[in-house]
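Each remark here refers to the structure printed beneath this line.
The values are calculated or read from the model by the stated rules, or taken from the named source; none is laboratory data. Everything numeric in this text was worked out from a predicted model, so none of it was measured. Using ideal geometry, Cβ is built from the backbone for each residue, glycine included, and neighbour counts are taken over all protein chains shown. These accessible areas exclude ligands, DNA and RNA; they are computed on the full protein's heavy atoms, side chains included. Shrake-Rupley method; radii C 1.70, N 1.55, O 1.52, S 1.80 Å.
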Amino acid sequence: MTDQIIQKMLEKATAAMKNAYCPYSHFSVGACVLADDGNLYAGCNVENVVYNATHAEVAAVAAMISAGAKRVQKIVIVADCNKIIVPCGGCRQHLREFSSEDMEVYMFNNQGDCDMMKMGDLLVKSFGPEYL
Ligand code: THU
Ligand code: ZN
């Protein structure tokens, strides 16, 4: 399941995870997207004192959009946790904006264990930009 590009994405997501700013939750998350321009963009969670947080997936997508890329082809998400991370509901909707139903979402724990699900299975019968 974990081919070469996924391994590279995991390395980048893990490097970002190590920079997570999470003094409130102590729960570090990293993400890396493969974009339609062929580049990899990573992000980590960033919290603040009023307990808001930018989630790692949103940070990775923001890096992608800021660089001028448009679409997410694949995403790797990793957390410093022995349970395999799953993206929260808000992140699922955010990823849905920039991807298709068959986009592959790879989810890792800190032991290298992995699950993969398609975007359309993580967020079924979803509302998206084509409705407006
Ligand atoms: N977190 C993410 O970065 N992504 C998710 O989808 C789940 C949660 C972060 C937010 C917060 O900083 C910490 O994990 C605990 O919720
Ligand atoms: Zn989230």
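For region 112-128, does any single residue satisfy the condition of being in a helix (DSSP H, G or I), open to solvent by 70 Å² or more (accessible area, probe 1.4 Å), at pLDDT 95 or above and farther than 20 Å from residue 58 by Cβ?
We begin by selecting, within region 112-128, every residue in a helix (DSSP H, G or I); these are 119-122.
Keeping just the survivors that are open to solvent by 70 Å² or more (accessible area, probe 1.4 Å) gives 121.
In the following step, the residues that additionally are at pLDDT 95 or above were identified as 121.
After this cut, where a residue has to be farther than 20 Å from residue 58 by Cβ as well, the list is 121.
Yes, region 112-128 contains at least one residue that is in a helix (DSSP H, G or I), open to solvent by 70 Å² or more (accessible area, probe 1.4 Å), at pLDDT 95 or above and farther than 20 Å from residue 58 by Cβ.
Output the residues belonging to region 101-111 that are free of Cβ contacts under 8 Å to residues at least 24 places away in the same chain and surrounded by 14 or more Cβ atoms within 10 Å (Cβ to Cβ).
Quick first cut of region 101-111, residues free of Cβ contacts under 8 Å to residues at least 24 places away in the same chain only: 101-102.
The answer is 101, and nothing else.
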task = Answer yes or no as to whether residue 27 is open to solvent by 60 Å² or more (accessible area, probe 1.4 Å), in a loop (DSSP other than H, G, I, E, B), touching a residue at least 40 places away in the same chain (Cβ under 8 Å) and hydrophobic (A, V, I, L, M, F, W, C).
result = yes
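Step by step: first the residues of region 78-100, then only those that are among the charged types (D, E, K, R) and more than 11 Å from ligand 1 (Cβ to nearest atom), then the one that is least open to solvent (accessible area, probe 1.4 Å). Which residue is that? Step through it out loud before you land on a result.
Of the residues in region 78-100, the ones among the charged types (D, E, K, R) are 80, 83, 92, 96-97.
Among the residues that remain, those that are also more than 11 Å from ligand 1 (Cβ to nearest atom) are: 83, 96-97.
On the way: 83: 144, 96: 38, 97: 81 Å².
Residue satisfying both the conditions and the ranking: 96.
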ask   = Hey, any hits in region 56-77 for a residue that's within 10 Å of ligand 1 (Cβ to nearest atom) and touching a residue at least 60 places away in the same chain (Cβ under 8 Å)?
value = yes
note = When every residue in region 51-92 that is within 15 Å of ligand 2 (Cβ to nearest atom) and in a strand (DSSP E or B) is compared, the one farthest from the chain's Cα centre (by Cα) is 53
task = Within region 34-50, identify whether any single residue is within 12 Å of the chain's Cα centre (by Cα), small (Gly, Ala, Ser), within 16 Å of ligand 2 (Cβ to nearest atom) and part of a helix (DSSP H, G or I), and answer yes or no.
result = no
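Filter region 1-24 down to the residues that are crowded, with 23+ Cβ neighbours inside 10 Å and assigned to a helix (DSSP H, G or I) and list them by number.
Of all residues in region 1-24, those crowded, with 23+ Cβ neighbours inside 10 Å come to 9, 13, 16-17, 20.
Those that are crowded, with 23+ Cβ neighbours inside 10 Å and assigned to a helix (DSSP H, G or I): 9, 13, 16, 17.
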